[in-house]
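Every number here is computed from the coordinates shown, using simple stated rules; none is lab data. Just so we're clear, the structure is a prediction, and the values are computed from it rather than from any experiment. A quick note on method: Cβ atoms are made from the backbone with ideal geometry, for glycine too, and the neighbour counts reach across all protein chains shown.
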Amino acid sequence: MAEAAIGGSAEKVSHEEAGLRFEVDGEIATITLDRPERRNAQTFATWSELARIGDSLPQQVRIVVVRGEGPSFSAGIDLRLLNPEGIPGQGSLATLAAADDSTFEQRIAQAQRGFLWLRRPDIVSIAAVNGHAIGAGFQLALACDLRILAEDATLCMREPALGLVPDLTGTKPLVDLVGLPRALEICLTARAVGAREAAALGLAELVVAGEELTRAVRDLAAALLSVDRGAATATKRLLQGARERTLKEQGAAERREQIARVRALFAGS
Ligand code: ACO
């Protein structure tokens with residue numbers, strides 16, 4: 001199977017095929033899933049383009065907002081990828097199934113790269129979710145540091161219902177946020193979680209009326225930008241590592257970060 005037929009040439013696809021829009025306004029970047037006519041369904045091209053945006057994020061950007069155009073945040077994987085004929089230029093899961101393990105694994109790793117950078121310590125990512133966030137859509141929201149949901153938002157991990165597992169890095173943040181039993185229940189029933197329940201479970205920082213979503217994101221971004229960037233980055237690094245460290249190790253990590261902060265603050269004085 002030619003590499004191009006299983007998504008290997010996805011780097012060359014246009015923004016339009018990726019279904020993404022990318023805008024930067026000062027310290028805030030906005031990624032818009034922009035295929036509302038397909039409810040912002042995602043393809044290999046989408047994930048490659050997401051990774052490319054992460055690789056070339058302008059240095060001044062501190063906040064990355066991920067949002068969806070139209071009535072749904074994202075209806076997940078483009079279901080054409082599940083058909084044997086797939087998507088022109090991108091192949092299908094059937095073509096991947098016929099590939100060797102290393103090629104298949106590489107394709108998934110490349111897709112995951114599009115999600116993983118959203119946790120970088122030097123930025124804060126915010127998912128602004130309205131309507132449906134299904135499968136890959138839910139995982140994209142989970143890839144972000146923070147989630148603001150419109151009242152009409154529903155989250156659904158549909159992969160198991162389609163015979164798949166969630167593999168776009170969503171399982172860890174889901175378990176971290178809601179715990180193993182609830183994560184199991186949500187994934188293995190593939191049910192929809194409404195916005196209010198999502199907030200109660202810790203899957204959303206805030207739920208707002210649909211027409212307030214943009215303003216709520218803007219307000220949160222402004223609040224996040226009000227603190228020192230170096231301190232924000234170091235604090236995010238500390239918080240991200242806290243679960244894996246013992247109290248003693250975390251204390252040592254705090255000391256290291258603080259020494260660097262204080263030296264930076266008083267450098268040249
Ligand atoms: N892939 C490709 N096209 C899609 C997808 C998708 N995931 N979701 C919706 N579309 C298309 C529809 O086929 C339809 O196209 P058409 O106008 O040519 O008929 C158009 O988008 C609008 O879809 P509707 O179903 O009419 O929109 P509605 O707002 O009523 O429903 C909803 C939205 C709930 C998201 C519904 O479209 C849906 O259930 N989609 C499938 C979701 C899914 O199973 N995704 C896979 C999850 S698993 C994973 O991501 C790995």
If you take the C-alpha gyration tensor of the chain, multiply each eigenvalue by 5 and take the square root, what semi-axes do you get, largest first, in whole Å? 32, 22, 20
By how many degrees, between 0 and 90 and to the nearest 10, does the Cα long axis of helix 213-225 differ from the longest principal axis of the chain? 40 degrees
Tell me, what is a quarter of the convex hull surface for the C-alpha atoms of the range 153-257, in nm² with one decimal? 8.7 nm²
Gaussian network model of the chain, Cα within-10 Å springs - most flexible of Arg21, Arg38, Arg256: Arg256
Taking the chain as a Gaussian network, where each spring joins two C-alpha atoms under 10 Å apart, which residue of Arg67, Arg229, Arg39 fluctuates the most? Arg229
Just order 241-249, 81-89, 46-54 by mean Cβ neighbour count inside 10 Å, highest at the front, would you? 46-54, 81-89, 241-249
Pick out which of Ala127, Ala150, Ala252 has the largest mean-square fluctuation in a Gaussian network model of the chain, springs linking Cα atoms closer than 10 Å. Ala252
The range 47-144, relative contact order in percent, only Cα pairs under 8 angstrom and at least six apart counted: 45 percent
Distant-in-sequence amide H partners of Ile77 (H built 1.01 Å from N, under 5 Å): Gln42, Ala136, Gly137
Before anything else, pin down the relative contact order of the range 147-269: Cα pairs under 8 Å, at least 6 apart, normalised by residue count, whole percent. 29 percent
In degrees rounded to 10, the 0-90 angle between helix 247-266 Cα long axis and the longest Cα principal axis of the chain is 70 degrees
C-alpha long axis of helix 101-116 to longest principal axis of the chain, angle in °: 50 degrees
Convex hull of Cα atoms in the range 53-100, direction-averaged projection (nm²): 5.7 nm²
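Order of 166-172, 130-136, 104-110 by packing, highest average Cβ count within 10 Å first?
Numbers: 166-172: 18.6, 130-136: 25.9, 104-110: 14.7.
Per-residue Cβ counts within 10 Å, averaged per peptide and sorted highest first, yield 130-136, 166-172, 104-110.
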Grab the Cα-Cα distance for Glu197 and Glu244, subtract it from 0.36 nm times how many residues apart they are, and report the gain in nm with one decimal. 14.2 nm
With no solvent and one point per C-alpha, what does the Debye sum give as log10 I(q)/I(0) for the range 100-201 at q = 0.19 Å⁻¹? -0.95
Mind jotting down the distance between the C-alpha centroids of the range 135-157 and the range 98-113, whole Å? 24 Å
